[in-house]
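A.B. asks: Sharing a structure with you now.
Every number in this text was worked out from the coordinates using simple rules, so none of it is lab data. In this text the structure is predicted, and so the values were computed from the model without any measurement. Ideal geometry is used to build each Cβ from the backbone, glycine not excepted, and the neighbour counts take in all protein chains shown.
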Amino acid sequence: MKLKELEGYLQDVSVFSDPKIKLEQYPTTPHLAARMLYTAHTTYDDIENKAVGDMGCGCGILSIAAAMLGSSYNVGFDIDPDAIAIAQENCEEFEIEMDFILTDLSATPAPTIVNGAEVTTERGPYEMMKGKLDTILMNPPFGTKLKGIDMVFLKKGIDLANHAVYSLHKTSTRDHILKKAKEWGVECEVVAELRYNLDKSYKFHKKQSLDIAVDFLRFEKKPKAE
């Protein structure tokens, strides 16, 4: 599948009708999602026949793109049941099989959410996925409402992935992220510098759109010494 073809399909992915500000719910655009997944697939071979996790999956656009490029398994993690409901509808529309885990990724250990209540166990669904996912995808909250949440998501993704993590972060945080990656013992590559065009989503937004400089980052876990 060609890049433009993938982006064209992703135009039909439904997004939030009533985004939640405290969760920083900004949909990943088809333009960004297509480039993220196409690069992970064609340059690094991290998608086809791989088990893929989507952290903060939202409406599921990254997972849908992964499935269209041949991933063998997809699972999404999100705290918002409304977002998961939209993602499930999108998967049905695209005839894609995907599992979902309703959980709070900001907590340690990440609890399962059942009937609105958090259920924390040492071996909840999140912990049980460890060792089972090759690649993790994410467009995490930037941390404007909950400081540091972007790094919490990133660390959880790195802990969960067997091999690689792909993520979007504000370019202004690059030096900090590179430093943390070194501390965590993972390799970090700035794959591309992109522009994230955020359309007006909330009433308090004064501009119709905002153009944000973001880094498309790839993290690779080093093989453990025998």
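A.B. asks: Give the shape of the stretch 68-108 as rounded, prolate or oblate, defined through the alpha-carbon gyration tensor: a ≥ b ≥ c are the square roots of its eigenvalues, a/c under 1.5 means rounded, and otherwise the shape is prolate if a/b is larger than b/c and oblate if not. Write down the numbers at each step before the final one.
C.D. replies: Details: a/c = 3.56, a/b = 1.57, b/c = 2.27.
Because a/c hits 1.5 or more and a/b fails to exceed b/c, the stretch 68-108 counts as oblate.
A.B. asks: Can you tell me how the stretch 1-74 classifies by the Cα gyration tensor, rounded, prolate or oblate, using a/c under 1.5 as the rounded cut? Walk me through the numbers before you get to the answer.
C.D. replies: Numbers: a/c = 2.28, a/b = 1.58, b/c = 1.44.
Prolate.
A.B. asks: Which residues in the stretch 37-59 have a backbone N closer than 15 Å to a point placed 7 Å from the Cα of Ser72 along the Cα-to-Cβ line?
C.D. replies: Answer for the stretch 37-59: 45-53.
A.B. asks: I've got another one for you. Give Lys2/Lys50; Lys145/Lys182; Lys50/Lys222; Lys20/Lys221; Lys145/Lys180; Lys50/Lys155 a once-over and call out the pairs whose C-alpha atoms are over 23 Å from each other.
C.D. replies: Numbers: Lys2/Lys50 19 Å; Lys145/Lys182 26 Å; Lys50/Lys222 18 Å; Lys20/Lys221 33 Å; Lys145/Lys180 21 Å; Lys50/Lys155 20 Å.
The pairs that break the limit, which is 23 Å between Cα atoms, are Lys145/Lys182; Lys20/Lys221.
A.B. asks: Quick one: dipole size for the stretch 18-79, taken about the Cα centre, charges +1 on Lys/Arg Cβ and -1 on Asp/Glu Cβ, in debye to the nearest 20. Walk me through the numbers before you get to the answer.
C.D. replies: Values: 4 positive and 7 negative charges, 23 e Å.
Computed charge dipole of the stretch 18-79: roughly 100 debye.
A.B. asks: Could you give the longest part of the chain that holds none of the chymotrypsin sites (Phe, Trp or Tyr not before Pro) found in DSSP loops with at most 11 neighbouring Cβ atoms within 10 Å?
C.D. replies: Values: sites that count: Tyr202, Phe204.
It works out to 1-201.
A.B. asks: Also, quick follow-up: Between Asp12 and Thr173, what is the spin-label point distance in nm, taking each point 7 Å from the Cα along the Cα→C-beta axis?
C.D. replies: Inter-label distance under the simple model: 3.4 nm.
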